[in-house]
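Q: I am attaching a structure below and will ask some questions about it afterwards.
The values are calculated or read from the model by the stated rules, or taken from the named source; none is laboratory data. For clarity, every value in this text was computed on a predicted model and none was experimentally measured. With ideal geometry, Cβ positions are generated from the backbone for all residues, glycine too; neighbour counts draw on all protein chains shown.
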Amino acid sequence: MAGSSGGSTDFDSQSDDSSPVEKLHVEPIFSPFVCPLTKQVMRDPVTIENGNTFEREAIEKWFRECKETGKKPMCPLTLEDLKSTYLNPSIALRNTIEEWTARNEAAQLDIARRSLSSGSSERDILQALRHVEYISKCSRSNKQAVHNPEIVQAIVEMLRNGSRKVRHKALETLRVIAEEDPDMKEVMGEGGTVRTIMKFLSSKSSPKEKEEATSLLYELSKSHNLSGKIGSINGAILILIGMASSKSEKHIDYGESS
């Protein structure tokens, strides 16, 4: 019954067209940080009756499956019966993990910032973009460090990179940042960025690039200032409406065929 659910602060399992994310921990992962069920660093550790600690979501799922299969609640490690399913929050351990995570994310972000410069390899840039995207989505302590004009402009520059994989990932990362922080929309709208994004809607771009560019433009259009800027570009509205209509038709076709 041991599933792989549960919150994780690691993101090495995220899939991408490029190579897997390498671990860049400045400190090792200490075994007490890892949930025995999920095999991942815990976000919300709790201790059960016999003293073993698990990720809350994972142990709750375990107890739920015990109940659904008519079994008495038991410890997934020792398989001994438990009198209670009470979960005691491991506050000290959680605080320690959060401090460890913050330090490692800060180190990863520093590496990412340096990789988002000219001369870095495709692999390093893709890894940097994944770091930034993850921290923007999931970090409790370093999210604001990602949401700053310097990093956003560095990612915008990646839209001109010679690698199609880098350009696609840069579009995706900008969209995630825009979704998480409305203020960054204005930063993305500076200079000729909107026109650069519009170019991805041309026939020369890959389907993935077109889709991400459309999603990013839609997100940026939620800003009153940028909606006017997008609308002022010749043909922009027609292109977006056309692509949105095309996506809707595909969705309907898939729905009817399923």
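Q: What are the residues in segment 93-118 that are in contact (Cβ under 8 Å) with a residue 24 or more places away in the chain and among the acidic types (Asp, Glu), if any?
A: Correct list: GLU98, GLU105.
Q: For segment 157-171, enumerate the residues that are assigned to a helix (DSSP H, G or I) and surrounded by fewer than 20 Cβ atoms within 10 Å (Cβ to Cβ).
A: GLU157, ARG160, ARG164, LYS165
Q: Still on this model: So is ALA102 surrounded by 12 or more Cβ atoms within 10 Å (Cβ to Cβ), touching a Ser or Thr at 6+ places or on another chain (Cβ under 9 Å), modelled with pLDDT under 90 and in a helix (DSSP H, G or I) or not?
A: Yes; evaluated as a whole, the condition is true for this residue.
Q: With respect to the numbered conditions (1) small (Gly, Ala, Ser); (2) surrounded by fewer than 17 Cβ atoms within 10 Å (Cβ to Cβ); (3) modelled with pLDDT of 90 or more, which one is the sole condition not fulfilled by ALA107?
A: With (1) small (Gly, Ala, Ser); (2) surrounded by fewer than 17 Cβ atoms within 10 Å (Cβ to Cβ); (3) modelled with pLDDT of 90 or more applied to ALA107, the lone miss is (3).
Q: Among the residues of segment 162-215, count how many are free of Cβ contacts under 8 Å to residues at least 12 places away in the same chain and hydroxyl-bearing (Ser, Thr, Tyr).
A: Within segment 162-215, residues that are free of Cβ contacts under 8 Å to residues at least 12 places away in the same chain and hydroxyl-bearing (Ser, Thr, Tyr) number 3.
Q: Could you pull out the residue among GLN127, GLN108, GLN153 that is outside the structural domain of GLU209 (by TED's automatic domain parsing), closer than 23 Å to LYS208 by Cα and part of a helix (DSSP H, G or I)?
A: GLN127 is the lone residue from the list that is outside the structural domain of GLU209 (by TED's automatic domain parsing), closer than 23 Å to LYS208 by Cα and part of a helix (DSSP H, G or I).
Q: Also, quick follow-up: Any residue that is in the same structural domain as ILE233 (by TED's automatic domain parsing), outside any helix (DSSP H, G or I) and more than 30 Å from ALA107 (Cβ to Cβ) - is there at least one of those in segment 210-221?
A: To start, the set of residues in segment 210-221 that are in the same structural domain as ILE233 (by TED's automatic domain parsing) comprises 210-221.
The next check asks that each one be outside any helix (DSSP H, G or I); those that pass are 221.
Right, trim to more than 30 Å from ALA107 (Cβ to Cβ) and you get 221.
The answer is yes; a qualifying residue exists.
Q: Are any residues in segment 182-218 at pLDDT 85 or above, under 14 Å from ILE155 (Cβ atoms), of a type in the set (D, E, K, R) and out of contact with any Phe, Trp or Tyr (no Cβ under 9 Å at 6 or more places or on another chain), and if so, which ones?
A: LYS185
Q: Okay, moving on. For ASN88, work out the one condition from (1) under 30 Å from ASN148 (Cα atoms); (2) surrounded by fewer than 18 Cβ atoms within 10 Å (Cβ to Cβ); (3) touching a Ser or Thr at 6+ places or on another chain (Cβ under 6 Å) it doesn't fulfil.
A: It fails just one condition, (1).
Q: Considering (1) surrounded by 13 or more Cβ atoms within 10 Å (Cβ to Cβ); (2) part of a loop (DSSP other than H, G, I, E, B); (3) at pLDDT 85 or above; (4) not hydroxyl-bearing (Ser, Thr, Tyr), say which one LYS72 fails and leave the rest.
A: Failing condition for LYS72: (1).
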